[in-house]
């Protein structure tokens, strides 16, 4: 009886957890998704293939998330001509609160809305905020970072420079 339970539990974990494990590990393809931007236009992650992507899951009510936004904006403005994009995915319930925040902070990078948290939780297995994924131009996750980081620091900028497309 115990052995049967153990074997069933192992198969359950392999069946249910193994496919989703790839959704957030470095070295595997970043799961594609479609989410609306703040104007309602549907945006697909794969639209940015060929560019280095900093994908950040955040919320307006998350203090550490808010702390990173200025650095993300600075990186985006400085590097967007070099094949780099920042994509902010807000898990806020209200689009109005996101729009107000973006306007107040004068954010220039694309902000998408994951109102039901489907992409954040199901595809990327992020349960804490902020969660940031550095994605190479070939669509492979280079690194996953949980928690806020000093993105304006030389160390964090170097992480971004390492994933930039070559020759840009």
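The values are calculated or read from the model by the stated rules, or taken from the named source; none is laboratory data. Just so you know, these numbers come straight off a predicted model, no measurement behind them. For neighbour counting, all protein chains shown are included, and Cβ atoms are generated from backbone atoms with ideal geometry for every residue, glycine included.
Every residue, every condition in (1) within 22 Å of residue 40 (Cα to Cα); (2) modelled with pLDDT of 95 or more, yes or no:
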site	(1), (2)
83	no, yes
112	yes, yes
122	yes, no
125	no, no
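Every test in (1) surrounded by fewer than 22 Cβ atoms within 10 Å (Cβ to Cβ); (2) touching a residue at least 24 places away in the same chain (Cβ under 8 Å); (3) under 17 Å from residue 162 (Cβ atoms) is passed by residue 78 save one, and that test is (2). For region 122-168, the tally of residues that are touching a strand residue (DSSP E or B) at 6+ places or on another chain (Cβ under 7 Å) and free of Cβ contacts under 8 Å to residues at least 60 places away in the same chain stands at 4.
In region 28-54, the residue that is farthest from the chain's Cα centre (by Cα) out of those that are within 14 Å of residue 124 (Cα to Cα) and part of a loop (DSSP other than H, G, I, E, B) is 28. Taking the residues in region 102-121 that are outside any helix (DSSP H, G or I) and more than 15 Å from the chain's Cα centre (by Cα) as candidates, determine which candidate is surrounded by the most Cβ atoms within 10 Å (Cβ to Cβ). By that ranking, first place goes to 107.
Can we say residue 55 is more than 18 Å from residue 39 (Cα to Cα), touching a helix residue (DSSP H, G or I) at 6+ places or on another chain (Cβ under 6 Å) and crowded, with 18+ Cβ neighbours inside 10 Å?
no
Within region 122-154, the residues that satisfy the criterion of being surrounded by fewer than 17 Cβ atoms within 10 Å (Cβ to Cβ) and in contact with a helix residue (DSSP H, G or I) (Cβ under 8 Å, 6 or more places away or on another chain) are 122, 127, 143, 147, 150, 152.
Scanning region 81-101 for residues that are surrounded by fewer than 19 Cβ atoms within 10 Å (Cβ to Cβ) and outside any loop (DSSP other than H, G, I, E, B) turns up 81, 82, 85, 95, 96, 97, 99, 100.
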